[in-house]
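*Asks:* Can you read through this structure? Questions will come right after.
The values are calculated or read from the model by the stated rules, or taken from the named source; none is laboratory data. Model, not experiment: these values are computed from the prediction. Because the Cβ atoms are built from the backbone with ideal geometry, glycine has one as well, and the counts that use them run over all protein chains shown.
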């Protein structure tokens, strides 16, 4: 069967000469070699018809990596992570009721009043106990444990559950940081010395309790997790106050330790949330039951 | 709209983009078939199987790095598949080890008539036979250079050999080709 003329990449004769020169041939050699090289165009190769290409595509399409439209959308949005995270956070703000904003602000205000009014001698203890209360509130409002059974709903949303958790963390921690700044301004305006130390005493336990509560919420109900995290911190605070451990823990390096620990716990919680996602899915069990694999 | 590069299409293919895959296959089906057809010595069914096998390798996950030029990578897969095919025990048994190129030649003992020579020249049989007489390493560089229009750098990337080696193989290949190819008889244009 004669094949149609195959394409020959050298449209002009001088292109062939240039190619020979480029590969190291001298002009004399070029003249000698050109007739033989030109004859290469005599050997024609077959061209696939559009139908051949369609058949090939039909065969190959079964091997094409397949992603669900939801997964593809998530991959696309990952390219603009920061803006997408902020947009998700903006959308999630409506989840937080007015009570959360007001109670958190009230707790901060109370902390400022207690410190400025010197109601209690040990100002550090007040701040160390009050700061994590914001984390407790934030955890209860922002995160729902697996018992809430909303994972299926979250999975059909465009942001992944991990992205939602991050967005909510941005809201809660962002608001808490804002309140902390407001508190530091109040303390500074009130003429309190060591504003930075007091702020750290307020904010680092907050981070620790937030991280611990989020980690525990992967195993327990969110109320139990938040209560256990905050309760543990209060117990630790009481013991350290009674045993005079607090005086030794007042060193600058040790003040930031709870905050660092809190950030580590937050990172672990988010990673576990991501890796355990498939275990939290109800789908495999349902399919297994449907197929009668248990029987 | 500007046409997407091979590399952009391949990145999209890795994300499961069927349209990008169709564009990539449509773009490379013809030249790849031509390359493999000539590399295996005018066996179209075999060349078509190898095209399919090459593209299946392309679809394997985690094999393509996005920074890598696509075309040399594609032809590297194709060339390696042909090499593996001819190395396979079944083919060696069939063709007898060392006689593969001779099988490609389909040489006839008797002297062809002028008409047969004219027809053979028209179908490129002489060129095919001349190329088949070259060692594989020279044949591959000649095919990539003169039929696929690859640059020297692209050939080096495809075959994983230095640029100097590409030049020397091309030089030797072209000189041997010239010594093998008989000039076209007069009056056979």
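*Asks:* Within the stretch A:33-65, work out how many residues are under 46 Å from the mean Cα position of the chain (by Cα) and within 27 Å of residue B:131 (Cβ to Cβ).
*Replies:* Residues that pass the stated criteria total 3.
*Asks:* If you don't mind, another one. Mind checking which residues of the stretch A:81-90 are without any contact (Cβ under 8 Å) to a residue 24 or more places away in the chain and either surrounded by 11 or more Cβ atoms within 10 Å (Cβ to Cβ) or in contact with a helix residue (DSSP H, G or I) (Cβ under 6 Å, 6 or more places away or on another chain) (or both)?
*Replies:* A:81, A:87, A:90
*Asks:* When you go through (1) more than 26 Å from the chain's Cα centre (by Cα); (2) at pLDDT 75 or above one by one for residue A:141, which number turns out not to apply?
*Replies:* Only one criterion is unmet by residue A:141, namely (1).
*Asks:* Another question, then. When the stretch B:34-61 is examined, which residues are found to be under 18 Å from residue B:18 (Cα atoms) and outside any helix (DSSP H, G or I)?
*Replies:* Of everything in the stretch B:34-61, those that are under 18 Å from residue B:18 (Cα atoms) and outside any helix (DSSP H, G or I) turn out to be B:60, B:61.
*Asks:* Considering only residues that are closer than 16 Å to residue B:165 by Cα and surrounded by fewer than 20 Cβ atoms within 10 Å (Cβ to Cβ), which ones fall in the stretch B:139-152?
*Replies:* B:151, B:152, listed by residue number.
*Asks:* Tell me yes or no: at least one residue of the stretch B:62-69 is modelled with pLDDT of 90 or more, surrounded by 13 or more Cβ atoms within 10 Å (Cβ to Cβ), away from chain A (no Cβ under 12 Å) and outside any helix (DSSP H, G or I).
*Replies:* Within the stretch B:62-69, one or more residues are modelled with pLDDT of 90 or more, surrounded by 13 or more Cβ atoms within 10 Å (Cβ to Cβ), away from chain A (no Cβ under 12 Å) and outside any helix (DSSP H, G or I).
*Asks:* For residues that are farther than 16 Å from residue B:57 by Cβ and crowded, with 16+ Cβ neighbours inside 10 Å, tally how many sit in the stretch B:10-26.
*Replies:* Taking the stretch B:10-26 first, the residues farther than 16 Å from residue B:57 by Cβ are B:11-12, B:15-20, B:22-23, B:26.
Going one step further and asking which of them are crowded, with 16+ Cβ neighbours inside 10 Å, we end up with B:11-12, B:16-17, B:20, B:22-23.
Selection size over the stretch B:10-26: 7.
*Asks:* Being modelled with pLDDT of 80 or more, surrounded by 15 or more Cβ atoms within 10 Å (Cβ to Cβ), within 15 Å of residue A:203 (Cα to Cα) and touching a helix residue (DSSP H, G or I) at 6+ places or on another chain (Cβ under 8 Å) narrows it down to one residue among A:265, A:237; which is it?
*Replies:* After applying the criteria, what remains is A:237.
*Asks:* Hey, among A:183, A:179, which residue is at pLDDT 80 or above, farther than 15 Å from residue A:124 by Cβ and surrounded by 14 or more Cβ atoms within 10 Å (Cβ to Cβ)?
*Replies:* Selected residue: A:179, the only one of A:183, A:179 that is at pLDDT 80 or above, farther than 15 Å from residue A:124 by Cβ and surrounded by 14 or more Cβ atoms within 10 Å (Cβ to Cβ).
*Asks:* Test residue B:31 against the stated conditions and say whether it is within 11 Å of chain A (Cβ to nearest Cβ), surrounded by fewer than 22 Cβ atoms within 10 Å (Cβ to Cβ) and not in a loop (DSSP other than H, G, I, E, B).
*Replies:* Yes.
*Asks:* Can you find a residue that is touching a residue at least 60 places away in the same chain (Cβ under 8 Å), surrounded by 19 or more Cβ atoms within 10 Å (Cβ to Cβ) and within 14 Å of chain A (Cβ to nearest Cβ) anywhere in the stretch B:42-58?
*Replies:* yes
*Asks:* State all residues of the stretch A:33-61 that are farther than 21 Å from residue B:152 by Cβ and either more than 7 Å from every other protein chain (Cβ to nearest Cβ) or surrounded by fewer than 16 Cβ atoms within 10 Å (Cβ to Cβ) (or both); if no residue qualifies, say none.
*Replies:* Passing the criteria: A:35, A:49, A:50, A:51, A:52, A:54, A:55, A:58, A:59, A:61.
*Asks:* Test residue B:78 against the stated conditions and say whether it is part of a helix (DSSP H, G or I), modelled with pLDDT of 90 or more and surrounded by fewer than 19 Cβ atoms within 10 Å (Cβ to Cβ).
*Replies:* Numbers: part of a helix (DSSP H, G or I): yes; modelled with pLDDT of 90 or more: yes; surrounded by fewer than 19 Cβ atoms within 10 Å (Cβ to Cβ): no.
Considered against the rule, which asks whether it is part of a helix (DSSP H, G or I), modelled with pLDDT of 90 or more and surrounded by fewer than 19 Cβ atoms within 10 Å (Cβ to Cβ), residue B:78 comes out as no.
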